[in-house]
Structures are given as structure tokens and as C-alpha cells.
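Working notes, structure below.
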Amino acid sequence: MANRRGDIILHINPRLNDRALVLNAAPGGNWGSEDRKPLTITRGHQFSLIIMVTDQCFKVKSLLFLSKTTKYNNSCLDRY
């Protein structure tokens, strides 16, 4: 997801080999630190991903691989 200025405000990267869901952003073209969450899906299995946007953060949830909602706080939200 990008804002009007072209900042990447949410990047979601499921890394199956690392069994991690990696969340990140690149405001101003500079990648921030990765936020890693456990990932329990396997290659070839379908899942649903839900992204909720609030005033303070993104909430990312999957019906199959996260048992709870994962919050990703991002300072780029105010520029969305």
C-alpha cells in the first residue's frame, strides 16, 4: 500500500521458508525495521487476509495463520 506521495505505508511479506510474516514500511523511500510475526501456513494452502486501517495503525488478520489480530503501527498513516 502506498500513500499519495508514493511512500510505501504497508508492505506484507509472508516468508514461508522462515515461517514468518514480515511487516514493514518505506516512508520517503527508506525501509524501516521489520516487524516479524509467527506464520503457520504452508505453501499451496489458501488463506484470507484482512487489512483494517485505523487512525493509529494497520490491523492485519488471517483466517488461517494468525490466531489474533496483529497491529502494525506506522507513522506514515497520517500522510495516507
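The values are calculated or read from the model by the stated rules, or taken from the named source; none is laboratory data. In this text, all values refer to a predicted model and were calculated from it rather than measured experimentally. Here the Cβ is made from the backbone with ideal geometry for all residues, glycine too, and neighbour counts use every protein chain on show. Protein only, heavy atoms only, side chains kept; ligands, DNA and RNA dropped before computing areas. Shrake-Rupley method; radii C 1.70, N 1.55, O 1.52, S 1.80 Å.
Just to verify a number: what accessible area does Ile41 come out at with the full protein assembly present, 1.4 Å probe, Å² rounded to tens?
Accessible surface of Ile41 is approximately 20 Å².
Using a 1.4 Å probe on the protein chains only, how many percent of the accessible area of region 1-60 belongs to carbon and sulfur?
48 percent
Heads up, I need the accessible area for Asp55: 1.4 angstrom probe, whole protein in place, Å², nearest 10.
140 Å²
With every protein chain kept in the model, how would you rank Ser48, Ser33 by accessible area, 1.4 Å probe, largest at the top?
Per-residue accessible area, sorted high to low, gives Ser33, Ser48.
Which trypsin sites (Lys or Arg not before Pro) in region 1-46 pass both tests, a DSSP loop state and at most 16 other beta-carbon atoms within 10 Å?
Arg4, Arg5, Arg19, Arg43
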